[in-house]
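Structure first, commentary second.
The values are calculated or read from the model by the stated rules, or taken from the named source; none is laboratory data. Predicted model only: the values in this text are computed from it and were never measured. Using ideal geometry, Cβ is built from the backbone for each residue, glycine included, and neighbour counts are taken over all protein chains shown. The accessibility values were calculated without ligands, DNA or RNA, using every heavy atom of the protein model including side chains. Shrake-Rupley method; radii C 1.70, N 1.55, O 1.52, S 1.80 Å.
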Amino acid sequence: MADYSIHVLEYSFVPNYHKSGVLYGAHNQGYVKLPYCYVLIRSEDHVALVDVGYNDKDYGKHLGDKFGVENWRSPKVVLAEFGLTPEDVDTVFITHAHFDHFGNVEDFPNATFYIQRDEIEKWVWAMSLPDRLRWMMIAVDPGDILRGVNLAAEGRLRVVEGSQENVLPGIDLHLARDSHTFGSMWVTVRNDGKSDSEDTWVLAGDLVYQFANLKNDGSVVGVDTMYTPVGLAVGSQMNLLLATEEMMKQVGYDDTRVIPIHEEGLADTFPCRITGENLRISEICLADGAKSAVS
């Protein structure tokens, strides 16, 4: 029995993103399209999101413009493709606090948010550092961190320390400390509740940008499988690789079950459609009895 439908929802994109940001060491490999997305996880009992995108105003808009983001659409517009509103969302898992993942907090007034303690606490610390150390903040909107603290004051923030099973039935959270960020997190959906299920999915956040991070691109002779970390790490590339190994282990080393939300090539692996807003919906799996949102 599959309890959850999972869809990757594009809300904007960078048409030309240098590949060295996606794939460590790819300095001479040109540019790729980088979709900006969040993930909808839906069952009969829950409407959950993995990340919430960014708010296209104030400093969030400044960062979006800085990174060359185009065709931004609000959660209200994106979720309407499923007959949902932001008010319908009851649970949000924040993989990390970069602006394009943690910026639309205020759009979800009825949701409880989950974030790793290392993530929220250390961004507050990073904000206190002198300007000469501001590189760590290049993809962070300080306003997002303050809005996260506000959630705590409202009783809507759940701070996770390490791994936590069954946050919702069959949904687990895992910490990748000092990797892409201080406390990056990935989400595992065990769609029949079993740890060894063939219907287990890993939603990788930015621990994996694209499928190329999971397999050798042919540049290393004699190596069939080699992980290559993403280009940006506040922590270490080693910790990114070790997190990738743990994610792959959870899905029996089936790289199509580790879902990178910045991957344009999802359309080559999963059913998808382009909306009237020129944004892609990728259908990762369907709950039993659920109707397709892309056909």
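Inside the stretch 110-134, can you point out the residues that are part of a helix (DSSP H, G or I) and either buried (at least 19 other Cβ atoms within 10 Å of the Cβ) or of a type in the set (Gly, Ala, Ser) (or both)?
Within the stretch 110-134, Asp118, Glu119, Ile120, Lys122, Trp123, Ala126 qualify.
Which pairs turn up if I take residues in the stretch 19-47 that are on the phi > 0 side of the Ramachandran plot and look for partners that are open to solvent by 30 Å² or more (accessible area, probe 1.4 Å) and assigned to a strand (DSSP E or B) with beta carbon separation below 8 Å, at least 6 apart in sequence or on another chain?
Gly30/His18
Taking the residues in the stretch 28-48 that are among the charged types (D, E, K, R) and closer than 30 Å to Leu168 by Cβ as candidates, determine which candidate is least open to solvent (accessible area, probe 1.4 Å).
For the stretch 28-48, the residue satisfying everything is Arg42.
Testing Gly25 on (1) open to solvent by 50 Å² or more (accessible area, probe 1.4 Å); (2) more than 24 Å from Phe102 (Cβ to Cβ), one condition comes back false. Which one is that?
Among (1) open to solvent by 50 Å² or more (accessible area, probe 1.4 Å); (2) more than 24 Å from Phe102 (Cβ to Cβ), Gly25 violates only (1).
Just to be sure I understand, how many residues within the stretch 250-263 are assigned to a loop (DSSP other than H, G, I, E, B) and surrounded by 16 or more Cβ atoms within 10 Å (Cβ to Cβ)?
Residues flagged as assigned to a loop (DSSP other than H, G, I, E, B) and surrounded by 16 or more Cβ atoms within 10 Å (Cβ to Cβ) within the stretch 250-263 amount to 5.
Does the stretch 264-287 hold any residues that are in a loop (DSSP other than H, G, I, E, B), open to solvent by less than 40 Å² (accessible area, probe 1.4 Å) and farther than 18 Å from Leu23 by Cβ, and which are they?
Result: Phe270, Thr275, Leu279, Ala287.
Read through the list (1) modelled with pLDDT of 95 or more; (2) under 21 Å from Gly21 (Cβ atoms), then give the number of the only condition that Met226 fails.
(1)
Looking at Leu232 and the list (1) modelled with pLDDT under 95; (2) under 16 Å from the mean Cα position of the chain (by Cα); (3) crowded, with 20+ Cβ neighbours inside 10 Å, which single condition is not satisfied?
Just one mismatch for Leu232, condition (3).
Could you pull out the residue among Leu84, Leu146 that is surrounded by fewer than 19 Cβ atoms within 10 Å (Cβ to Cβ), assigned to a helix (DSSP H, G or I) and of a type outside the set (S, T, N, Q)?
Just a single option satisfies the conditions, and that option is Leu146.
Every residue, every condition in (1) in contact with a Gly (Cβ under 6 Å, 6 or more places away or on another chain); (2) on the phi < 0 side of the Ramachandran plot, yes or no:
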| position | (1), (2) |
| --- | --- |
| Arg158 | no, yes |
| Pro169 | no, yes |
| His174 | no, yes |
| Asp178 | yes, no |
| Phe182 | no, yes |
| Val202 | no, yes |
| Gly205 | no, no |
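For Asp56, work out the one condition from (1) farther than 24 Å from Val230 by Cα; (2) open to solvent by 60 Å² or more (accessible area, probe 1.4 Å); (3) part of a loop (DSSP other than H, G, I, E, B); (4) touching a Gly at 6+ places or on another chain (Cβ under 7 Å) it doesn't fulfil.
(2)
Among (1) farther than 26 Å from Leu173 by Cβ; (2) among the acidic types (Asp, Glu); (3) in contact (Cβ under 8 Å) with a residue 12 or more places away in the chain, which single condition is Asp51 missing?
(1)
Would you mind stating whether Glu246 is out of contact with any Ser or Thr (no Cβ under 6 Å at 6 or more places or on another chain), at pLDDT 95 or above, open to solvent by 60 Å² or more (accessible area, probe 1.4 Å) and closer than 24 Å to His96 by Cα?
yes
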